[in-house]
Amino acid sequence: MSGETVLVVDDEPFMREILQEVLSAISLHVEQAQSVGVARQMIQRSMPDLIISDIKMPNESGVELLRWIRQKELKIPFIIMTGYIDAELTAEALNLGASSFLGKPIRGSALCESVESALSTVRMAQREEEYKRSLRSQLDSLRQEYIDEIIQHQKLFAATLMSFANAIDARDRYTHMHSANVAEYSVVVGRQLGASRDFLEMLDMAGHLHDIGKIGIPEHILLKPGRLTEDEYDVLKGHPEMGAKILAPLPAMEDVITAVRYHHERFDGTGYPKGLRGGEIPLAARIISVCDAFDAMTTDRPYRKALSPVSALKILNNERGGQFDSGIVDAIVKAFQTSEKYAPMFSVAE
């Protein structure tokens, strides 16, 4: 025995003292209750490891105490003592999971055997539960290590992709910083729309990577100073799908991949690659589409000079509901015109 607590419930003081003497001799801590009501109060204050209770007592029986314990879903082993057999009470006690029965007068050896058997079952259940907790903890730790490793690999891969995206912009002096600008503008718009932190982080990544597919576009098309032929334009139109394929090994970036794939869709359904319309186009792609167009219009290109921010916003407004989502256009206009960083751009006269 190892110092577990046993609650003895009996209306006879003499019987309680005998049990205490026997159980204390085998290193158990014994508490006494003279009635079921007192026993309930003691259990609510501190749960014992084992209960030994007489069946027949004034007011309430030991079976009623056992029934109350089971209703409370307390997993306390319960030994019944009785001076005579009551078939009905005995059957109910068994149904309620009584560990064993002790007939009065009680023999010390029989008491110790019953107590040891009941407590051994408890100890075994406790060890099993501790083992399960330990196993769950180890599995959680291993799972977290695995997740952390995946995240680290994804971050490294994403950083590599960001380098590629920057390299694409660097191929052409006219598009230098384009992806970084689109990412910055997209986050500004997303914040204006009240987007969550997670969405803004995803939007920033998607903005940086939206043109990653241009890695596969031949330079004679990508850097052509004049207007593209129809065939050349068809090749260039493949870059959103190509970007999505490049990012495909990163399943955790599904939303980024979707934004990259559909950032050239038009709100009126005339865009590419799928011809999606209105709300069919993911929100991130609709935001990037507007910000992509704004940065392109306000940047010098081989075939034209940069437009002023005011002129660019006018064009965006003219395409409300056509090329662009009206709500996104409203958001970029409001965000830029109220921003300390961007508002000065719109105070310059045309």
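Some notes on this structure:
- Hits in region 103-124 - residues which are in a helix (DSSP H, G or I) and among the small types (Gly, Ala, Ser): GLY108, SER109, ALA110, SER114, SER117, ALA118, SER120
- Annotation: of all residues in region 248-294 being surrounded by fewer than 21 Cβ atoms within 10 Å (Cβ to Cβ) and of a type in the set (Asp, Glu), the one that is nearest to LYS237 (Cα to Cα) is ASP268.
- Cross-chain or 6+ apart pairs with Cβ under 9 Å, region 236-248 first and within 11 Å of ASP211 (Cβ to Cβ), then basic (Lys, Arg) and part of a helix (DSSP H, G or I): LEU236/LYS214; HIS239/LYS214; PRO240/ARG261; MET242/LYS214; GLY243/LYS214; GLY243/ARG261
- Flag: GLN323 matches the condition of being among the polar types (S, T, N, Q) and either outside the structural domain of VAL187 (by TED's automatic domain parsing) or crowded, with 19+ Cβ neighbours inside 10 Å (or both).
- Selection within region 72-89: residues that are under 13 Å from ASP54 (Cβ atoms) and modelled with pLDDT under 80. The member of this set that is surrounded by the most Cβ atoms within 10 Å (Cβ to Cβ) is LEU89.
- Wholly enclosed helices (runs of 4 or more DSSP H) of region 183-273 bearing at least 3 residues within 26 Å of the chain's Cα centre (by Cα) and under 24 Å from LEU283 (Cβ atoms): 197-209, 254-262
- Index of the failed condition, LYS341 passing every other in (1) modelled with pLDDT under 85; (2) more than 28 Å from ILE215 (Cα to Cα); (3) touching a Lys or Arg at 6+ places or on another chain (Cβ under 9 Å): (3)
- Residues of region 186-215 classified as crowded, with 22+ Cβ neighbours inside 10 Å and either more than 19 Å from GLY243 (Cβ to Cβ) or outside the structural domain of GLU340 (by TED's automatic domain parsing) (or both), total: 2
- Flag for ALA158 being out of contact with any Cys (no Cβ under 8 Å at 6 or more places or on another chain) and modelled with pLDDT under 85: yes
- Members of region 32-82 found to be at positive phi and over 48 Å from the mean Cα position of the chain (by Cα), listed by number: ASN59
- Identity of the residue in region 295-309, in contact (Cβ under 8 Å) with a residue 24 or more places away in the chain and surrounded by fewer than 15 Cβ atoms within 10 Å (Cβ to Cβ), that ends up farthest from LEU209 (Cα to Cα): TYR303
The values are calculated or read from the model by the stated rules, or taken from the named source; none is laboratory data. Fair warning: this is a prediction, and the values are worked out from it, not measured in the lab. We place every Cβ from the backbone using ideal geometry, glycine too, and count neighbours over all the protein chains shown.
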